[in-house]
Amino acid sequence: MKPDLLLIGGTTPRVMEAIEERFTVHEGRKVEDWDAFLKDKGEDIIAVATNGHDGLKPEIMDRLPNLKVISCFGVGYDAVDARKAAERGIFVTHTPNVLNADVANTAILLMLAVSRRVIRDDSYVRAGKWTGFGAAPLTHSIEGKKVGILGLGRIGETIAQKLQAFDCDVAYHTRNKRDVPYRYYADLAEMAKDVDYLIVITPGGAATKHLVNREVIEALGPEGTLINVARGTVVDEKELVSALLDGRLGAAGLDVFEEEPNVPEALFPLDNVVLLPHVGSATIETRRAMGDLTVENLVRYIDEQTVTTPVPECQHLLKG
Ligand code: A2R
């Protein structure tokens, strides 16, 4: 008899095939009556596979008394209450490191796309304006600019390393100063005041909610550019939109939003803003690696009662 797994959200055919080999899979998105499902199957479910967006609702977790492992596809796990899971001895796992390069590339892609006005200039060509009006207006270089990184963890450090190729002057803000060759700011607004670009790459959740507030946005200022590849909640989106509309902030490149998939429509006409549908890690190569690690964590739990990449809150559950 295969153990029972609840799959929340969709997944790739490769992951589906791998989990179906080892588990009886119950697809959450096909469940019409959750109450009936949980009454019938809640006690059998020992594993949940989910993603950073859907997570696992607390009211569902509460009704899975024999749950042992929650494997989350993605590095951010703010949609799962990892502390509560750890208290119950449940492993929460995520997929760190394998996505560092592509999320960092997305941050730099947004810096370049915004600064060089790629979307505007592409439209310029397609609309026949090049032949009609001649050369497009000049744009800004990212070469040698000052970049402040909010969150210098696995991905933030990868961004910093890649920015060396553009001769950027990198600074960072975190709660704990690190032993790295970049200038540290204990105060985020101070850093925002001194840089041309502010890149946000912290985790989401309550601890980072609206860290980028009106004061930080205004410190970045009319010549500054905000790049967010972390979570929409880290930035006060209302303040961001109003600063962009008033010209109190120069430009923005955004991969994430507070109420995904809803994006403030006020941003749509602005050509100093580039908007992406949360695709930081969304390449075939990286999503495959993330999927494989999601499955590895589930299978190792079944075979060895341990996991490969627990979130920090569950680290202590590892044996030895
Ligand atoms: O504050 P520290 O020293 O714990 O540094 C972490 C920083 N961070 C913060 N910085 C300022 N204020 C905060 N309240 C705060 N909370 C955390 O964010 C650390 O430098 C960084 C997180 O790094 P990692 O845990 O290595 O995460 P990783 O793999 O870089 O991914 C970051 C996020 C994910 O959680 C997803 O939401 C997103 O990127 O894709």
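Summary table below
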{"read-out": "Angle between the chain longest axis and helix 284-304 axis [Cα atoms, degrees, rounded to 10]", "value": "30"}
{"read-out": "Value of Rg/Rh across the range 32-138 [Cα atoms, Kirkwood radius]", "value": "1.32"}
{"read-out": "Proximal aspartates and glutamates relative to residue 129, as straight alpha-carbon distance under 16 Å, when same-chain residues fewer than 8 apart are discounted", "value": "121, 271"}
{"read-out": "The chain: angle of helix 13-22 to the longest principal axis, Cα-based, in degrees nearest 10", "value": "20"}
{"read-out": "Accessible area of the chain belonging to carbon and sulfur atoms, whole % at 1.4 Å probe", "value": "51"}
{"read-out": "Where the chain is the region considered: accessible area per residue in Å², 1.4 Å probe", "value": "50"}
{"read-out": "Under 21 Å from residue 2, Cα to Cα: lysines that are on another chain or at least 8 residues apart", "value": "30, 39, 41, 68"}
{"read-out": "Net charge contributed by nearby residues that have their C-beta within less than 12 Å of residue 181 (K/R +1, D/E -1)", "value": "-1"}
{"read-out": "Lys/Arg +1, Asp/Glu -1 at C-beta; the range 18-158 dipole; positive extreme among 36, 149, 90", "value": "149"}
{"read-out": "Evaluated over the chain, the Cα radius of gyration and Dmax, each in Å", "value": "21.7, 71"}
{"read-out": "Residues residue 246 and residue 271, FRET efficiency given R0 of 22 Å [Cβ-Cβ distance, rounded to 0.05]", "value": "0.85"}
{"read-out": "Two-site label geometry, residue 17 and residue 36: point separation in nm, points 7 Å out along Cα→Cβ", "value": "3.4"}
{"read-out": "Global form of the range 194-311, assessed from the alpha-carbon gyration tensor, a/c cut-off 1.5", "value": "prolate"}
{"read-out": "Environment charge of residue 254, counting only residues whose C-beta is closer than 12 Å and scoring Lys/Arg +1, Asp/Glu -1", "value": "-3"}
{"read-out": "Furthest towards positive pole of dipole, 10, 133, 291, structure part the chain, Cβ charges", "value": "133"}
{"read-out": "Cβ-placed point charges (K, R +1; D, E -1), dipole of the range 63-112 about Cα centre in debye, nearest 20", "value": "300"}
{"read-out": "Dipole magnitude of the chain about its Cα centre (Cβ charges: Lys, Arg +1; Asp, Glu -1), debye to nearest 20", "value": "520"}
{"read-out": "Cut-off 13 Å between beta-carbons: net charge of the residues surrounding residue 14, Lys and Arg +1, Asp and Glu -1", "value": "-4"}
{"read-out": "Residue among 73, 50, 108 farthest towards the positive dipole end of the range 50-119, charges placed on Cβ", "value": "108"}
{"read-out": "In the range 184-243, GluC sites (Glu not before Pro) in a DSSP loop with at most 14 other beta-carbon atoms within 10 Å", "value": "223"}
{"read-out": "Helix axis angle, 154-163 relative to the chain longest principal axis, alpha carbon, degrees", "value": "30"}
{"read-out": "Cα-based convex hull, the range 180-251, per residue volume (Å³, whole number)", "value": "86"}
{"read-out": "Residue among 17, 157, 27 with the largest mean-square fluctuation in a Gaussian network model of the chain, springs linking Cα atoms under 10 Å", "value": "17"}
{"read-out": "Reach of residue 162 by Cα under 25 Å, taken over lysines that are not fewer than 8 positions away in the same chain", "value": "145, 146, 177, 193"}
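The values are calculated or read from the model by the stated rules, or taken from the named source; none is laboratory data. Since this is a predicted model, take the numbers as computed values, not measurements. A quick note on method: Cβ atoms are made from the backbone with ideal geometry, for glycine too, and the neighbour counts reach across all protein chains shown. With ligands, DNA and RNA removed, areas are computed over all heavy atoms of the protein, side chains included. Shrake-Rupley method; radii C 1.70, N 1.55, O 1.52, S 1.80 Å.
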